[in-house]
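All remarks here apply to the structure that follows.
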Amino acid sequence: MSAHPARSLSRVLEDFGPTLLDLVHGDPEAAGEIGGVGIHDPHDEQHYPPHAVVLGVGVHGAGEIARLLRHLAAHGAAALVVRGPVGDGDALEGELEDGLEAVVAETGVALLALTRGASWAQLAAMLRTLLAEGDIGEAGGQTLGGVPSGDLFALANAIATLMDAPITIEDRRSRILAFSGRQDEADAPRVASILARQVPERYVRIHEEHGVFRELYRSDGPVHIPPPTVDGEVALPRVAIAVRAGDEILGSVWATLRKPLTPERERAFQEAAKLVALHMLRFRAGTDAEHRLRADLVTTALEGGAGAVEALGRLGLVNEPTLVVAMGLQADRGEDYAHLTAERQRLASALAVHLTAVQPRSAVALLGDVAYALFPVPGDSAHARERALHVASNFLQRTGDRAGLVIGIGSVAEEPSALARSRANADRALRVLFSGRTAQRVASIADVYVDALVIEMRDLAVANRDELSGPLARLVAYDAKHNAHLVETLRAWLDAFGDVITASASVFVHPNTFRYRIRRVAEVGEFDLQDPSARFAAMLQLRLMGMYDGGGRRSGGTGPTAASTG
């Protein structure tokens, strides 16, 4: 078991190095508790969690590294990871004359190197997995078999000590869930598996062809696997054992052997597999519980009541302006409800990953059919809306052209009590997007405020069972009796600001015919076309009737009850 806390830089280096990470300069013990993972982007505004491990993707050269180290020191970062190997000469570029070691000592930001061939995406995922314990709520002190509950990396190291061999813990699809130290003692396929966090396909295929998985999953004890040879490359022998919870296969534990196991170590391996099962179940249950807790905290915060401040505090958002982002997905005609529910859950998870990468303190929860996100927005309201629109648009681009997927953005909440209003405004924007009044897929309430008001006025008219009255009612009745198109004529005339040529062209009639019809509108409807108030009332009633779509064209309907959103 590790002597270092799970959220410390020392623990990260112990679990991931030297297979993935090497300490170039700095004191890992001085870094304190790591607050999260950030990704450096020189072309975008940066928001890092406190004491972050920052991934310097594409950062090269001593001068560039030194400048970034100083920049990160101002943000309170704990460490910077760059692609190895890291060269350090006697002098840096430009005016910098100290070596990287001196810059690290000056800033207090440790410098780490990522092994060549390792994936940045996999490193980010593995770091977030390691740091996830205790992110929300109270920190727990539970242990299973002397190892912190759910800590698969600590468990892998404990088994490696018992077996005197490097260990991996894998799921049913041969993905690496955790691995021990000493992987440098293993062979090339094992190192490739660690770097990719997945056993290479060619080795999986060989195991399938030789019935290894079949034997592994039907056996209660360790299964010895002879060393396979691929393209002239001979791997070391393996011993593996299935991890079970009753009849369910959770995964497997693999050891790379340089010498045969003793009977005592075989028995220890078999007992260890039972402990791994408990930890995997605890990890899975903890993840589910964390999701439920996060959803409860987001719900409490959105309600804006007495518990909102505490909920925001546990989410790390209590002292920062926040806005609510609402993502909705409309069903395709005939789409299966179960499939739609699964798709909403998948998209909510994807949104959580996307927002966390941009703003680590974001919180997302699927409440009913809508995924709500609490998105911290330091700065003025206008800039906050623009940033939220950009982030949401970028997410929709990444998810492709999924029909019916839209995002509404609420108002900025400067204090916890204003979050309920922000959620209401996000819902209003979402409803406008669903109504088809705009071709946009993302909109803030500020952009669609008037459309939202019109929809709500229609709701009020429907609730009150209001009926048409006045000039427009007379025109509708006349059209129904004589098929005279007077309502269409009035709409076209209002749209064209009284320009007969433009209006007649929009309804494909001769201007003289249109002039005759507009005179009939005034006569039949007893309508004063010169009165601005009468014109405004007619335009408003036409929209409440549902006779305009988003592009200003007639969409049908003869009264407020024709549709609820129009």
TODO: Those residues that are in a helix (DSSP H, G or I) and aliphatic (A, V, I, L, M), I need them from the stretch 390-419; list them, please.
DONE: 391, 392, 396, 418, 419
Open item on the list: Being in contact with a helix residue (DSSP H, G or I) (Cβ under 6 Å, 6 or more places away or on another chain), among the small types (Gly, Ala, Ser) and part of a helix (DSSP H, G or I) is true for just one of 452, 429, 443, 480. Which residue is that?
Closed with: 452
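Okay, residues lined up against (1) under 17 Å from residue 279 (Cα atoms); (2) basic (Lys, Arg); (3) more than 33 Å from the chain's Cα centre (by Cα):
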site: 156; (1), (2), (3): yes, no, no
site: 167; (1), (2), (3): yes, no, no
site: 179; (1), (2), (3): yes, no, no
site: 183; (1), (2), (3): no, no, no
site: 186; (1), (2), (3): no, no, yes
site: 202; (1), (2), (3): no, yes, no
Task: Qualifying position, being closer than 26 Å to residue 316 by Cα, touching a residue at least 60 places away in the same chain (Cβ under 8 Å) and not β-branched (Val, Ile, Thr), among 382, 429, 413, 439 - done: 413
Task: Single residue of 195, 216, 250, 236 found to be among the aliphatic types (A, V, I, L, M) and in a loop (DSSP other than H, G, I, E, B) - done: 236
TODO: Go through the stretch 491-510 and count every residue that is in a helix (DSSP H, G or I), surrounded by fewer than 15 Cβ atoms within 10 Å (Cβ to Cβ) and modelled with pLDDT under 90.
DONE: 0
- [ ] Just need a number here: residues in the stretch 455-473 that are surrounded by fewer than 18 Cβ atoms within 10 Å (Cβ to Cβ) and not in a loop (DSSP other than H, G, I, E, B).
- [x] 8
Task: Check on residue 412, surrounded by fewer than 22 Cβ atoms within 10 Å (Cβ to Cβ), farther than 16 Å from residue 440 by Cβ, assigned by TED's automatic domain parsing to the domain that holds residue 437 and touching a helix residue (DSSP H, G or I) at 6+ places or on another chain (Cβ under 6 Å) - done: no
Task: Odd one out for residue 338, checked against (1) in the same structural domain as residue 246 (by TED's automatic domain parsing); (2) at pLDDT below 75 - done: (1)
- [ ] Quick one: which residue in 114, 80, 72 is crowded, with 17+ Cβ neighbours inside 10 Å, modelled with pLDDT of 80 or more and in contact with a Lys or Arg (Cβ under 6 Å, 6 or more places away or on another chain)?
- [x] 114
Task: Residue match in the stretch 543-558 (condition: modelled with pLDDT of 85 or more and either in the same structural domain as residue 428 (by TED's automatic domain parsing) or touching a Leu at 6+ places or on another chain (Cβ under 7 Å) (or both)) - done: no
Task: Options 434, 514; residue that is assigned by TED's automatic domain parsing to the domain that holds residue 329, among the aromatic types (Phe, Trp, Tyr) and assigned to a helix (DSSP H, G or I) - done: 434
TODO: Working only within the stretch 280-330, note down all residues that are at pLDDT below 80 and of a type in the set (S, T, N, Q).
DONE: 287, 319
Open item on the list: From the list 352, 357, 363, 373, exactly one residue is within 15 Å of the chain's Cα centre (by Cα), surrounded by fewer than 24 Cβ atoms within 10 Å (Cβ to Cβ) and closer than 17 Å to residue 295 by Cβ. Which is it?
Closed with: 352
TODO: Could you please let me know if residue 441 is crowded, with 16+ Cβ neighbours inside 10 Å, modelled with pLDDT under 85, of a type in the set (D, E, K, R) and not assigned by TED's automatic domain parsing to the domain that holds residue 542?
DONE: no
- [ ] Quickly run through the stretch 342-372 and pick out the residues that are on the phi < 0 side of the Ramachandran plot, out of contact with any helix residue (DSSP H, G or I) (no Cβ under 9 Å at 6 or more places or on another chain) and not in a helix (DSSP H, G or I).
- [x] 360
- [ ] From 206, 249, 241, 167, grab the single residue that is of a type outside the set (S, T, N, Q) and within 17 Å of residue 19 (Cβ to Cβ).
- [x] 167
Task: Pairs where the first residue, in the stretch 461-484, is under 22 Å from residue 529 (Cα atoms) and the second is part of a helix (DSSP H, G or I) and aromatic (Phe, Trp, Tyr), C-beta under 7 Å, 6+ apart - done: 484/478
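The values are calculated or read from the model by the stated rules, or taken from the named source; none is laboratory data. Nothing here was measured: the structure is a model prediction, and the numbers come from that model. Positions of Cβ are generated from backbone atoms using ideal geometry, with glycine treated the same way; all protein chains shown enter the neighbour counts.
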